[in-house]
1. Just give me the residues in region 30-56 being surrounded by fewer than 12 Cβ atoms within 10 Å (Cβ to Cβ) and within 21 Å of Ser69 (Cβ to Cβ), in sequence order.
2. Sort through Phe58, Phe8 and tell me the only one that's assigned to a helix (DSSP H, G or I) and at pLDDT 80 or above.
3. Which count do you get for residues in region 61-85 that are modelled with pLDDT of 75 or more and among the β-branched types (Val, Ile, Thr)?
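The values are calculated or read from the model by the stated rules, or taken from the named source; none is laboratory data. Keep in mind that what you see is a predicted model, and the values were worked out from it rather than measured. FYI the Cβ positions are ideal-geometry reconstructions off the backbone, even for glycines, and counts take in every protein chain you see.
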Amino acid sequence: MFVLLNLFIAVILDNFGEVQQLESMAITHDHVLAFRQAWIEFDPGLTLQMPCSKVPQFLLTIGPPLGISADGDVYRSLLDAVHRLTLGPENQKIGYLELLVGLA
């Protein structure tokens, strides 16, 4: 009985830790508004399309949690990954919702 009680408490504590972590990383309405505002700067014609070559700078502009920060090795590895993903034709573009949902 004591082992079962300890197991039950361990599961509750584990789930509590996961929920706390998810809440601290949650995307808020303010994050989406910041994304939208930055998008307007990168897409002044409001075409809802952005060249993939601009995505790394866009991610730096919006910052975490949707974007990336310019801190240390994490920045470099994320930027390298984005560059690998955006290789392709120069006219390749990504849509507003496609990028927002992909980052969220």
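1. Asp30, Leu33, Gln37, Glu41
2. Working: Phe8 fails: at pLDDT 80 or above.
Going through Phe58, Phe8 in turn, the sole match is Phe58.
3. Result for region 61-85: 3.
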